[in-house]
Amino acid sequence: MSMMTEALERISIYCHLSKPDRRREEIERELSFFPLQLSDEVYEFYQWAGAPVGMTYDADGSYSNPTYSCALERFLGNACDLVHWLSIEEAERCYSSSINDSKYLPFVSYENGWLAIAGSETQVANSPVIQRESEEDRDFLWFPSLTNMMLAIAESLETVGTIWPGVLDYHDEDYATNKYHQRIQQQEMQVYAIAQKYGSPRGIIITN
């Protein structure tokens with residue numbers, strides 16, 4: 001069992017993410033617009049049901065939302081308005097129009113930047129995840145591999161129950177107390193520590 005499979009199986013306990021019924025050849029064909037090599041982990045990620053696939057169009061032919069969101073968006077709470085896992089079709093559109101950088105395959109967008117998978121001229125064992133700040137045109141190594149990112153997500157779900165602590169829950173009975181905010185702060189520190197363990201400098205997804 002690959003480490004990616006292990007991570008996705010652990011994540012699947014918490015959401016509608018299930019083993020793939022899509023062939024690798026199908027994913028390779030859909031990613032053929034990307035000119036560089038990607039590691040096996042990338043194709044494995046997109047084969048899983050619940051990974052972002054598909055898109056729809058409005059009646060006038062304009063782009064609308066994906067057929068369904070990535071199952072991981074469930075763990076963003078209200079932050080799902082800020083963070084979105086891109087389908088392959090969305091990634092192609094962003095790649096050709098917004099990012100305009102042949103080295104990176106975008107796969108997560110957020111309010112002021114992207115997470116992108118780095119391609120390589122030659123076949124590699126792992127594909128690093130890069131944070132791109134669109135306003136400042138800066139790149140940061142975010143995870144040394146897509147697998148490491150999925151492992152960090154799996155451990156955060158198992159330990160904290162979320163990958164995005166700090167979204168205020170006004171219905172929580174402790175919301176107005178210090179106890180609530182102390183709990184949120186502790187969760188943020190736990191997710192930060194887990195992300196660092198797998199090679200991320202600041203967290204799993206940071207939007208500012």
*Efficiency by 1/(1 + (r/R0)^6): what FRET value for Glu25 and Asn112, r their Cβ-Cβ distance, R0 = 41 Å, to the nearest 0.05?*
0.70
*Label points 7 Å out from Cα along the Cβ direction at Thr5 and Asn178: separation in nm?*
5.1
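Using a 10 Å cut-off on Cβ atoms, rank the peptides 142-151, 36-45, 197-206 from the highest mean neighbour count down.
Answer by packing, highest mean first, reads 142-151, 36-45, 197-206.
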*Pop the C-beta distance of Glu188 and Ser97 into the FRET formula with R0 = 41 Å and round what comes out to the nearest 0.05.*
0.75
*In what sequence, highest mean first, do 154-162, 183-191 appear when ranked by Cβ atoms within 10 angstrom?*
154-162, 183-191
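Every read-out reported here was derived from the displayed coordinates using simple, explicitly stated rules and does not represent laboratory data. Fair warning: this is a prediction, and the values are worked out from it, not measured in the lab. As a convention, Cβ positions derive from the backbone with ideal geometry for all residues, glycine included, and neighbour counts pool all protein chains shown.
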